[in-house]
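The values are calculated or read from the model by the stated rules, or taken from the named source; none is laboratory data. A quick note: this is a predicted structure, and the numbers were derived from the prediction, not measured. Note that we place each Cβ from the backbone using ideal geometry, even for glycine, and neighbour counts take in every protein chain shown. We work out accessible area using only protein heavy atoms, side chains counted, and drop any ligands, DNA or RNA first. Shrake-Rupley method; radii C 1.70, N 1.55, O 1.52, S 1.80 Å.
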Amino acid sequence: MSKKLIVLDLDGTTLRDDLTISSHTKKTLEKARMAGHEVMIATGRPYRISGLYYEELELTTPIVNFNGAVFHHPRLTTFADGYHHAIDLQVVRELLDFASDFPLDNIAAEVQDNVFLKERNNSVPDTFHLGTENIVFGNIRDAIQTDPTSLLFFGKIDQLDLISKHLDESLANVISHHTWGASAWPAVEIIKFGIHKAIGVQAAAKTLGFDRKDIIAFGDETNDLQMLDYAGTGVAMGNAAESVKNIANVITASNQDDGIALYLEENLNL
């Protein structure tokens, strides 16, 4: 059997609903690594709140953060193949000006692992406060002086729908966006145009010497679509969105039922 590059989304995929990795999944991933396969993470999270899982799994591979906007190697001080695809600062300022007409709950911007928040309130996930000692609060437009990795608008669904419509009509060739409509903190997340996880996975495969056909990628949400489509084998979790199941080659058990471990045990003879 050829060696595989196993690519893991985190939330809803590798992580159970309580945001932990089951011992079954952890042991199976370790067996895969011992058998010569490589394991890596591709997540929408920044590294400051995905690094703990990277360390828990004892990985030695590059990692994809911000849905493909950042690709780096945590174990190396210099990494020639790394990249950071940020949003043009002028575009961000125009978006902030546009959003000022809406009574949004909050606005957040991230420059890799640096966080900027407009308001001090509970309108954003607790994870925004993890992994950083200094969060800048206040006028984001004035505070940010460099191209940010992502921009997020938090608010009511009808407000976010109007913002999404504006993005599609006016900036579709400049930025990409998706909505966290089903979450406890509805938001529109914006990153640079054309960025998605498959870009980072492709870079990782090149760096690690894997052919596309030897990539196995696991995911559950719409931000995993391009990654699962790119991989030689795209595996949707049992709890995945229907669009993800439709594009995947295989559907495994849910994140609560060790879907990753069950698939790898059966298909990699672990």
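Can you order the peptides 165-178, 63-76, 92-105 by their average number of other Cβ atoms within 10 Å per residue, highest first?
Highest-to-lowest ranking by the protection proxy: 63-76, 92-105, 165-178.
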Inset, instruction - Have a look at Ser23, His73, Ala198 and report the one farthest towards the positive end of the charge dipole of the chain, computed about the Cα centre with Cβ charges (Lys/Arg +1, Asp/Glu -1). - result: His73
Inset, instruction - Please label the shape of the stretch 89-192 as rounded, prolate or oblate, based on the square roots a ≥ b ≥ c of the eigenvalues of the alpha-carbon gyration tensor (a/c under 1.5 means rounded; beyond that, a/b larger than b/c means prolate, else oblate). - result: oblate
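Within the stretch 89-192, what whole-number % of the accessible surface is contributed by carbon and sulfur, with the 1.4 Å probe and all protein chains included in the calculation?
47 percent
Ignoring ligands, DNA and RNA, how do Thr146, Thr78 rank by accessible area with a 1.4 Å probe, largest first?
Numbers: Thr146 75, Thr78 110 Å².
These residues rank, largest area first, as Thr78, Thr146.
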Legend entry - Structure-based [θ]222 nm, the chain - -39500 (n - 2.57) summed over DSSP H runs of at least 4, per residue, nearest 500: -8500 deg cm²/dmol
Inset, instruction - Determine the alpha carbon to alpha carbon distance for each of Lys3/Lys192; Lys26/Lys245; Lys213/Lys245 and list only those over 22 Å. - result: Lys3/Lys192; Lys26/Lys245
Legend entry - Percentage of interatomic Cα-Cα distances in the stretch 86-138 larger than 15 Å: 50 percent
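How many Å² of accessible area per residue for the stretch 119-255, probe 1.4 Å?
Working: 6550 Å² over 137 residues.
Heavy-atom SASA per residue in the stretch 119-255 reads 48 Å².
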Legend entry - Whole-percent pair-distance distribution, where bins are 5 Å wide, for the alpha carbons of the chain: 1, 6, 13, 17, 19, 16, 12, 8, 5, 2, 0, 0
Inset, instruction - Using only Cα atoms, locate the centre of the stretch 88-167 and the centre of the stretch 194-215, then give the distance between them in Å, rounded to an integer. - result: 29 Å
Legend entry - Peptide ranges 210-222, 15-27 listed from the most packed, as the mean C-beta count within 10 angstrom indicates: 210-222, 15-27
Inset, instruction - Note down the relative contact order for the stretch 89-192 as a percent, whole number, built from C-alpha pairs under 8 angstrom at least six residues apart. - result: 28 percent
